[in-house]
Amino acid sequence: MHYDLIIRRGHCVFPWGEAQADLGIKEGRIASLAVGRDDTADEVIDAKGLHVLPGMIDSHVHLRDPGNPAIESIATGTRAAALGGITMVFDMPNTAPSITSSETLAGKRETVERDACVDMGLYVGATRANTGALAQLEQEDGVCAIKVFAGSSTGDLMIEDDAGIEAVLRSGHRRVAFHSEDEYRLQARKPLFSAGMPHVNHMIWRDEECAFLGTRRITALALKTGRPVHILHTSTAEELDWLASYRSHVSVEVLVNHLTQVGPECYETLGAYAVMNPPIRDRRHHDACWAALRDGRVDVVSSDHAPHPREAKEKPWPSCPAGLTGVQTILPIMLDHVNAGRLSLSRLADLMAAGPARIYGLQTKGRLAVGFDADLTLVDLAAEREIRNEWIASPVGWTPFHGVRVKGWPMATIVRGHVVMRDDTIVTAPIGRLARFAP
């Protein structure tokens, strides 16, 4: 048998367990898990000493495109993703202009087909004006989900009231993803804080009750309408305990930052480079996120990659924008957690491949199996590196993990059989496409 690509002697993470295997790839799909000794290929990669993961997916990024390419773009953001071992990203709609119509979707699809280094899914933003069109918009090519901002964040998309959220949930049938903070509580507490206060006040202002209140309201509306919802960047012990009773209607994302950084210490060391929404919280919530990840209450781990220029981030709080870079660093950080014994490599594959595929309805991605897209992430669990600002491909050129030493590093990123990144170098022209989602 002749293949386009053979991956030999890698330690593969299959849905049914880990084993050494030789993978054969043909026409962008996995064609064999047991390539013969005499089989040939146009290209052969010797993966001895490496682990072969299903292609890692970051299902929550903000690539700011359309917007300002000096901050980020699909070209630079997907390049960063590939360098970090990510084979697919789902991009948020709070751009300039926002992705809220067939016209803005069409423009973004053109950019993806031209500039993307990895495959992509696109969120559509819900507004009061487009609620009636959401059932149609969620069926357009490449759309992964509808996104609702129930609490204020970057951009001008927000539906904060129960009636508005219920109207969204009654338009369409696919899962709706929520930024779940209660806008009314946020605004009521805002006068308690003033310009120039220490950055730790971000954690105090957007407190756990802001998140928990928002999540309780959204859960109630999901039950009322029967519509499945996905709570993005779940960050509190209260939310995670509450949602355990509503798994039939609500899926859960946790961010790598909430698993890795802890307040108030991170605000003392990083200042504005620790400011994100919802905020990095204290040790109790950090530990609760890990407990939920271990017992299966967490479906997906993502980065919420949201770059801002240094000059904006370095303004005093609360003028500094919320958002941190992360698509390039999420996998090295999570591999370091694997090496520290906090989760297994199989659980990582579940959280960053099978989990996003299951929650969003990806049809041919998320696992190493015959017939699935040949999306592969090859990692060296023994490699020790220091994350540096200089490595970051996003134009803003910074990471909150600058100077952090990790054990475990992505060595190759393969998208539909195309080797996109190898040994920290992008080795092909942009080949990204829009993903196919279940209708």
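The values are calculated or read from the model by the stated rules, or taken from the named source; none is laboratory data. What you see is a predicted model, and the numbers here were worked out from it, not measured in a lab. Ideal geometry is used to build each Cβ from the backbone, glycine not excepted, and the neighbour counts take in all protein chains shown. With ligands, DNA and RNA removed, areas are computed over all heavy atoms of the protein, side chains included. Shrake-Rupley method; radii C 1.70, N 1.55, O 1.52, S 1.80 Å.
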Practice prompt. Net charge near Ala369: determine it from the other residues with C-beta under 12 Å of the C-beta of Ala369, scoring Lys and Arg +1 and Asp and Glu -1.
Written response: +1
Worksheet item: Counting Lys +1, Arg +1, Asp -1, Glu -1, what net charge surrounds Asp350 among other residues with beta carbon under 11 Å of its beta carbon?
Response: +2
Item to complete: Determine the per residue accessible area of the range 60-166 with all protein chains present and a 1.4 angstrom probe, expressed in square angstrom.
Response: 30
Discussion item. Just to verify a number: FRET efficiency for Asp287 and Trp16, C-beta to C-beta distance, R0 = 30 Å, to 0.05?
Written reply: 0.45
Practice prompt. Take the range 112-204, compute every pairwise Cα distance, and split them into 10 Å bins from 0; I just need the percent in each bin.
Written response: 14, 37, 26, 18, 5
Worksheet item: Separation of the range 365-439 and the range 154-202 by C-alpha centroid, Å?
Response: 32
Fill in: Segment Arg247-His173, length gained on full extension (0.36 nm per residue, minus Cα span)
24.9 nm
Item to complete: Would you mind getting me the FRET efficiency between Asp46 and Ala340? Use the beta-carbon distance for r and R0 = 30 Å, nearest 0.05.
Response: 0.60
Fill in: FRET efficiency estimate (nearest 0.05) - Cβ-Cβ, Ser319 to Asp38, R0 56 angstrom
0.30
Worksheet item: What span do the alpha-carbon atoms of the range 262-390 cover on each of the three principal axes, reported in whole Å from largest to smallest?
Response: 53, 32, 30
Worksheet item: Over the range 56-360, what per residue volume does the convex hull of the Cα atoms give, in whole Å³?
Response: 116
Discussion item. Give me the extension gain from Arg388 to Arg310: residue separation times 0.36 nm, minus the current Cα-Cα distance, reported in nm with one decimal.
Written reply: 26.5 nm
Response to the item:
So the carbon and sulfur contribution to the accessible area of the chain, 1.4 Å probe, in percent, is 51
Worksheet item: What is the spin-label model distance, in nm, from Thr428 to Ala135 if the labels are put 7 Å beyond Cα along the C-beta direction?
Response: 4.0
Practice prompt. Note the per residue figure in Å³ for the convex hull of the C-alpha positions in the range 1-144.
Written response: 137
